[in-house]
């Protein structure tokens, strides 16, 4: 936020629905991309902003990609971290079910009892940041297909790669709100694909885009990630960066590299706009 603002951009961040001080509808059906993209459009409307560059991480990245796909008139460029764009042609969870990969971590997150399993934020929040980061040992780091290397393990040492003040704020926030809203994003995935696979089958993102991920991120096991494999779904792709040494949180683990990549991407947008005037 500070780096973007210092470069002359107006930087706006919000708590996604289900998190922090935003509303947290109890029903999972209220957390599809149709709803969350609508939230972003509502923010732009409220602030009288006609268009924006959208930046997101994890589920925020999923929302960012969908915002660019669904409303290219409002979201003119997109920068995603850790979760790449996936055209909504087929439900990847159904593909995993068919393949017998029932240990995939998202299936646990979707269960009603997950709320209680996550409830002790003072333990679960440091644990999830530790095990998914590059700080965790390679042979113990989170594996989305191996329950023995799951998310709900206490951190065995202080989390060094995440700002301590941010970590404490996250613990306090989830202690106050609980995890039901956040977990509803997993529970909404099947519903999203049932709605989006028809109207958005074959959709691509033509706006300028950039994807960045940590080299040690367990999510990389889901697909082969490279500029070549991403470009068919994002013909406007301007860059791909694999951050060595970082896990699932490159914006914390390698803040300087992420800021540099983002600012370079934004500067390129300005250069293009100037050249086309």
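The values are calculated or read from the model by the stated rules, or taken from the named source; none is laboratory data. Please read all numbers here as calculations on a predicted model, not as lab measurements. No Cβ is skipped: glycine too gets one built from the backbone with ideal geometry, and neighbour counts run over all protein chains shown.
What about residue 108, is it out of contact with any helix residue (DSSP H, G or I) (no Cβ under 8 Å at 6 or more places or on another chain) and closer than 27 Å to residue 129 by Cβ? Outline the logic, then answer.
Working: out of contact with any helix residue (DSSP H, G or I) (no Cβ under 8 Å at 6 or more places or on another chain): no; closer than 27 Å to residue 129 by Cβ: yes.
The answer is no for residue 108.
Taking the criterion of being part of a helix (DSSP H, G or I) and out of contact with any helix residue (DSSP H, G or I) (no Cβ under 9 Å at 6 or more places or on another chain), the residues of region 61-75 that qualify are 61, 68. Of all residues in region 156-168, those that are over 13 Å from residue 133 (Cα atoms) have Cβ atoms under 7 Å from Cβ atoms of residues that are surrounded by 11 or more Cβ atoms within 10 Å (Cβ to Cβ) and modelled with pLDDT of 95 or more, 6 or more apart or on another chain, in 167/125; 167/126; 167/129; 167/159.
Quick one: count up the residues across region 121-143 that are touching a helix residue (DSSP H, G or I) at 6+ places or on another chain (Cβ under 7 Å), surrounded by fewer than 15 Cβ atoms within 10 Å (Cβ to Cβ) and either in a helix (DSSP H, G or I) or in contact (Cβ under 8 Å) with a residue 60 or more places away in the chain (or both). Number satisfying all stated conditions: 1. Within region 28-50, the set of residues being in contact (Cβ under 8 Å) with a residue 60 or more places away in the chain and under 25 Å from residue 172 (Cα atoms) comprises 28, 30, 31.
When we screen 266, 195, 242 for residues that are within 21 Å of residue 142 (Cβ to Cβ) and either assigned to a helix (DSSP H, G or I) or modelled with pLDDT of 95 or more (or both), the only hit is 242.
Being in contact with a helix residue (DSSP H, G or I) (Cβ under 6 Å, 6 or more places away or on another chain) and at pLDDT 95 or above narrows it down to one of 170, 165, 148, so name that one. I'd like the intermediate steps shown before the answer.
Details: 165 fails: in contact with a helix residue (DSSP H, G or I) (Cβ under 6 Å, 6 or more places away or on another chain); 148 fails: in contact with a helix residue (DSSP H, G or I) (Cβ under 6 Å, 6 or more places away or on another chain).
Only one candidate qualifies: 170.
So, residue 55, is that one surrounded by 17 or more Cβ atoms within 10 Å (Cβ to Cβ), free of Cβ contacts under 8 Å to residues at least 60 places away in the same chain and more than 14 Å from residue 234 (Cβ to Cβ) or not? When the stated conditions are applied, residue 55 does not pass them.
Here residue 118 qualifies as touching a residue at least 40 places away in the same chain (Cβ under 8 Å), surrounded by 21 or more Cβ atoms within 10 Å (Cβ to Cβ) and more than 18 Å from the chain's Cα centre (by Cα).
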